[in-house]
Amino acid sequence: MASVLLAFAVAAPAPAWAVDSDAQAFFAQGRQLRGENRCAEAILAFRRALDLYPQGLGALRNIAECEEELGQFASARNSWWSLRRAALQSNEPKYEGWEVDAESAYKRLESKVARMTVHLRGEGKEKAELSIDGKPLDPRLLGVEIERDAGPHQLTLTYGGAVPVVRQLELATGAREVITLDIPRPTAAPPPEKPRKPREGEEDRGGSNGMRIAGIAALSVGGVGAVGTVISVILRSSALSEIQEACPDYQRCPTSLEGAESRGRTASTLVNVFGAVAIAGIGAGVPLFILGSRQKSAVSRSDAFSPQLQIGVAPTGGGLAAQLGGRF
């Protein structure tokens, strides 16, 4: 109760305080919130007042008293000590003796403050960074006992790995905790796989096989074209013979020969088409097949792979039949 009365007294108008009406308004707001037992909100208002008018030590004293009421003893000790320094430097008569009050409160809370000491263990300490409750910790404080408010805390250690080390900690009033965080060993990357050295001639095997297969494919197409050409020639000759027998002079030929004439023209067209296919296929296939076979024999004389291609025309009971065969 004495603290509240003292805060009210400090809020009395004074020339120095009146220079900033915003700071005065925030201080009044904080005083009202504290009177309503809403210290957590009051601290925010007092801090705004202190930021706007640092010489107004009443705001700082209210912050320290509110933190103490909330059980934030480490924060309260820090605020009381800041008030002690500020009171020693102030020339305002109304703050006379505040440094004594602040030092007394600082010592009174010593036994209530929770403390922690954090150690790092493992390789790469120089690269590791520790944060407590999201705030980076000065590396010089590692291994040093530091004061923290009672309650839950989160320690986050980043060390260059993909996943940081996170430790949850609950500090009790007046507790002293020693925490050791292990820096995970870096996972050794698997050694790069050495490229397998191809065996002698193996590099050329794929190329030779590809050339031979391409050659066989081209020869197959050319063979089909050749067979088609032969069949078309035979059909054309058959149609021509039928026309010559019925109309030797090609004059006033009967209309019954129109079908033979149509078959002859179609066969002539097919001769040209199949002939071109045969020439292109065989012309491209033979060089590819020969080159591929030569490379294959140079790689391994003992390779049993021996592609073969067979193309032929054979008579059947109803005419002619094309035959195409291969092995590869």
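Remarks
- Beta bridge orientation in region 113-182: antiparallel %, DSSP, nearest 5: 70
- Cleavage-rule hits, GluC sites (Glu not before Pro), region 25-68, DSSP coil, Cβ neighbours within 10 Å at most 10: Glu36
- In order along region 165-176, phi translates into HN-Hα couplings of 8, 10, 10, 8, 9, 10, 9, 8, 4, x, 6, 10 Hz, rounded to whole numbers, per the Karplus curve 6.51 cos²θ - 1.76 cosθ + 1.60 with θ = phi - 60° and x for Gly and Pro.
- In this simple spin-label model, placing a label point 7 Å from the Cα along the Cα-to-Cβ direction at both Glu261 and Asp133 gives a separation of 10.9 nm.
- Glu170-Lys107 FRET efficiency (beta carbon distance; Förster radius 25 Å; 0.05 resolution): 0.45
- Each of Val286 and Val273 was given a label point 7 Å from its Cα along the Cα-to-Cβ line. The distance between the two points is 2.6 nm.
- Here the calculated FRET efficiency for Lys125 and Trp81, from their Cβ-Cβ distance with R0 = 35 Å, stands at 0.70, rounded to the nearest 0.05.
- Percentage of interatomic Cα-Cα distances in region 28-120 larger than 19 Å: 43
- Pairs of Cα atoms farther than 18 Å apart, region 113-182, %: 31
- Alpha carbon centroid spacing (whole Å) that separates region 124-142 from region 28-102: 30
Laboratory data are not the source of any read-out in this text; all were calculated from the coordinates shown. This is a predicted model, so every value here is computed, not measured. Neighbour counts run over all protein chains shown; Cβ positions are idealised from the backbone, glycine included.
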